[in-house]
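*Asks:* Sharing a structure here in structure tokens format.
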Amino acid sequence: MTTRSPLRLAMWSGPRNISTAMMRAFENRSDCAVSDEPLYAHYLASTHSDHPGANAVIAHGEPDWQRVVASLLGPVPDAKPVWYQKHMSHHLLPHIDRAWIHQLSNVFLIRDPTDVVASYIKSRATVTAADIGLQQEAELFDEVAQKSGRAPPVIDAHDFLMAPEAHLRALCTHLGIDFSASMLHWPAGPRASDGIWAPHWYAAVWKSTGFEAPLSREHALDGAALQAAELARPWYEHLYRYRLQHV
């Protein structure tokens, strides 16, 4: 039973996190609908960033952020009691009003910026600190905490992958929903709910059938990639202090 009906769960993160695997986990629940990065088309149309498949994302998505927000606050797909909304924090551009966010149950997903950048540059040649969204995520976290009067949940990807079930149980308890063992495993392959950009970014998730142990953290970054990771680190450390403790 949820604490809100319906429960609109906004999972905020940067790219190359475990946000898509987390989306798989929630979609595998019988009571949950999911939405994959609904603000992506608006972000690309506004910034003209050279992301893989950008034109297709804009063409197939909704570039009007106000319409996106209206849909996210509107009827839940298939009238499900839980709605997992996967958001990239850097998609929340400065001109977008944020009042609607406080109507959602917000959770923040983080990953060490060195790991993020090392993964990011496998799909896109250039990267800046702004591209990985940690500053935007930290600022939104602070805004949500101030508005609600308490720190919202923060999940660190590495910690989570060391104990997925324990973290999911703790998160479900916080959200007021029952934990389901179906969240731990899912069928391999693409889903109809995946964004059109999935072929560029989701290869590992398509091969997966569950959460996998964290990879080695030995990365050799240099140049702009190293600079991006170092600039983002203070924001990661700020959020890490509030990470969900599963024990």
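FYI, it's all coordinate maths here, none of it is from the lab. Remember, predicted model here, so these are calculated numbers, not experimental data. Don't worry about glycine lacking a Cβ; one is built from the backbone with ideal geometry, like all the others, and counts go over all protein chains shown.
*Asks:* In whole Hz, with x marking every Gly and Pro, tabulate ³J(HN,Hα) for region 10-19 from phi via Karplus 6.51 cos²θ - 1.76 cosθ + 1.60, θ = phi - 60°.
*Replies:* Here the 3J(HN,Hα) series is 9, 9, 9, 7, x, x, 6, 10, 9, 5 Hz.
*Asks:* Could you work out the local net charge near ALA204, counting Lys and Arg as +1, Asp and Glu as -1, over the other residues with Cβ closer than 12 Å to its Cβ?
*Replies:* +3
*Asks:* Measure of size requested: the Rg and Dmax of region 7-240, with Cα atoms as the atom set and Å as the unit; please supply both.
*Replies:* Rg, Dmax (Cα atoms, Å): 16.7, 48.
*Asks:* Please identify the trypsin sites (Lys or Arg not before Pro) of region 169-239 that satisfy two criteria: DSSP loop assignment and at most 12 other Cβ atoms within 10 Å. Which are they?
*Replies:* Qualifying residues, ordered by number: ARG217.
*Asks:* If I take R0 = 22 Å and measure r between the Cβ atoms of TYR240 and ALA59 in this structure, what FRET efficiency does the formula 1/(1 + (r/R0)^6) give, to the nearest 0.05?
*Replies:* 0.05
*Asks:* How high is the relative contact order of the chain, given as a whole-number percent (alpha carbon pairs under 8 Å, six or more residues apart)?
*Replies:* 30
*Asks:* Moving to a separate point now. Scan region 1-82 for trypsin sites (Lys or Arg not before Pro) in coil per DSSP, keeping those whose Cβ has at most 15 other Cβ atoms within 10 Å, and list them by number.
*Replies:* Answer in residue order: ARG4.
*Asks:* Shifting gears a bit: Let me make sure I get this right: for region 1-55, a, b and c are the square roots of the gyration tensor eigenvalues over alpha carbons, sorted descending. Under 1.5 in a/c it's rounded, otherwise prolate if a/b > b/c, else oblate. Which is it?
*Replies:* Here region 1-55 falls in the prolate category.
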